[in-house]
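A short write-up of the structure that comes next.
The values are calculated or read from the model by the stated rules, or taken from the named source; none is laboratory data. A quick note: this is a predicted structure, and the numbers were derived from the prediction, not measured. Neighbour counts are summed over all protein chains in view; Cβ atoms, including those assigned to glycine, are modelled from backbone coordinates with ideal geometry.
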Amino acid sequence: MSEKQTATLVDPTKLVTGVTKPDSSAVLNVDEAIGGGTDTVVSSGQWGFPKAKGQSLSYWLQQVRCDELISHRTTAELPETADTVIIGSGITGTLVAKYHKETWPDKMEGVGKYEKQFGIEQAMKILQNEQDTWEALVAYIREKNVDCDLWVGDTLDVPLDAETAALARDVFERYRAAGGKVDHIKVTTDPAAARRLTRLADARACYAWPASTLQPRKLAAHVMGVNLAAGVNLQTFTPARGVRPYGDADSSTEGTEEKRDAKYRWTVHTDRGTIACVDVVHASNAYLPAYETSLRGLIRPKPHMCNKVIPPLKFAGSGALRNSYGVLLRDGSLFSINPRYGTDGVVMIGGSNPGQLKLDEWVAAQPAEDQRCVDDGLSSVGVAGDSSSEAGAAAARLVTDEVRKFAEAQFDGWRESADRDGLGPGARYEYSWSGIIGVAADGVPFVGEMPGRAGQWVCAGHCGHGMARIFTAAPGLVKLMAASTPE
């Protein structure tokens, strides 16, 4: 990259905020946010483009290696012009394209932290949006009969110590007092009953409510198929390097009269050429600050690990886990657990758990020029002799070790079943991979038009919580675009 990047080590405790009480050291619902006060120093080196090679392959992409969308290009050459260019073809960009084409046919757990940041009224709106998003997402999948491994059932929020349980109870009561709907939440405050329900050895309480899990790549592929049938031009493996005003000396190229049409406002520069357009939608999330310098320090990329775990015999078949979990720890971290119940039975374990916090510290300590902040090649499977890969594997094991420690200590009978039944087809911590999440400065995404840049739109900075927001944020952005269009 042409600009020199520098890294500044920061106190990790100043990068997060959460919910606590004066008489307790427990913290609940730590934010995935950049800021922590005016004394926080944000690393100027925390941005970068996607890796060109050496990525780890997510469990979701391992299942679809024959899908032609992986390398799809609607036209062999990049079009010279378009009305709207969407940078990013993940679930955000895919949904923006869907609702854009239709417009122009040519949860309770976060109330405390959001109240602290934005006030109770906005906190309730944020949580209601998450509920609306879930309902819209499930309705769409069922209405369109989308094959994406949808599971609907109770998710369980489970505190593992008395202080965290008391704090969770306080958050619940404040949510109810503020007018939050709680009829659908099943509360278990008796520790013995919570242990039986969750199968977790140290469970002190349980809050259960309807939620879903799914295969996100299959959902995105379905929507993209609809888009292509409607005439959307998809160009994979075409990274955007910059967006400049149309007609600037650096942007102008020889072209047709149509390309020089005064209606165009922006030129998108890519490795395969330029494209002039009226509107640009930035849906590249964590990678947006790499080419949009004004957002450096406002959106920060970082690797987040997920582990694919094959459970032991006691947790297979009739003993398989039947709920997703958010396991709440006293330092504000949590394990997010997604059992693939009804499909292959593997258990996905991630979240901002203690191992992830160790990985965050490791990433912050690396030289900025290594760009570990966008390293989606971290995996517990390293390549012998490749020092970079081996270092990444060691970093990934920081998370895997904590996942193993948690599963063996908390799930009743997990360790004993694994020891008794052997590893054969039984328990193993088979694979881990790093995905890059975009962390917004205040813990909630940017959705709307960029100030002072008419025709540039953003839906990014989802803080690893995109599936709870994007299905309403993307169509919301398109409504804003429509409202700005002259009659």
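Going by the conditions given, is residue 158 surrounded by fewer than 15 Cβ atoms within 10 Å (Cβ to Cβ), at pLDDT 80 or above and assigned to a strand (DSSP E or B)?
Working: surrounded by fewer than 15 Cβ atoms within 10 Å (Cβ to Cβ): no; at pLDDT 80 or above: yes; assigned to a strand (DSSP E or B): yes.
The answer is no for residue 158.
Could you tell me whether the range 292-309 includes any residue that is at pLDDT 90 or above, outside any loop (DSSP other than H, G, I, E, B), among the small types (Gly, Ala, Ser) and crowded, with 16+ Cβ neighbours inside 10 Å?
Scanning the range 292-309, I find no residue that is at pLDDT 90 or above, outside any loop (DSSP other than H, G, I, E, B), among the small types (Gly, Ala, Ser) and crowded, with 16+ Cβ neighbours inside 10 Å, so the answer is no.
Quick one: which residue in 171, 187, 243 is crowded, with 18+ Cβ neighbours inside 10 Å and in a strand (DSSP E or B)? If you could, list the steps in order and put the result at the bottom.
Details: 171 fails: in a strand (DSSP E or B); 187 fails: crowded, with 18+ Cβ neighbours inside 10 Å.
Result: 243 is the single residue among 171, 187, 243 that is crowded, with 18+ Cβ neighbours inside 10 Å and in a strand (DSSP E or B).
If you go through the range 126-139 one residue at a time, do you hit one that is farther than 22 Å from residue 328 by Cα and at pLDDT 90 or above? Spell out how you get there, then give the answer.
Here is the first cut: in the range 126-139, the ones farther than 22 Å from residue 328 by Cα are 129, 132-133, 135-139.
If we keep only those that are at pLDDT 90 or above too, we end up with 139.
Yes, the range 126-139 contains at least one residue that is farther than 22 Å from residue 328 by Cα and at pLDDT 90 or above.
Does any residue in the range 431-458 that is in the same structural domain as residue 398 (by TED's automatic domain parsing) and part of a strand (DSSP E or B) come within less than 9 Å, Cβ to Cβ, of a residue that is modelled with pLDDT of 90 or more and of a type in the set (Asp, Glu) six or more places away or on a different chain, and which pairs are these?
Final answer for the pair search is 433/376; 434/375; 434/376; 435/376; 436/375; 436/376.
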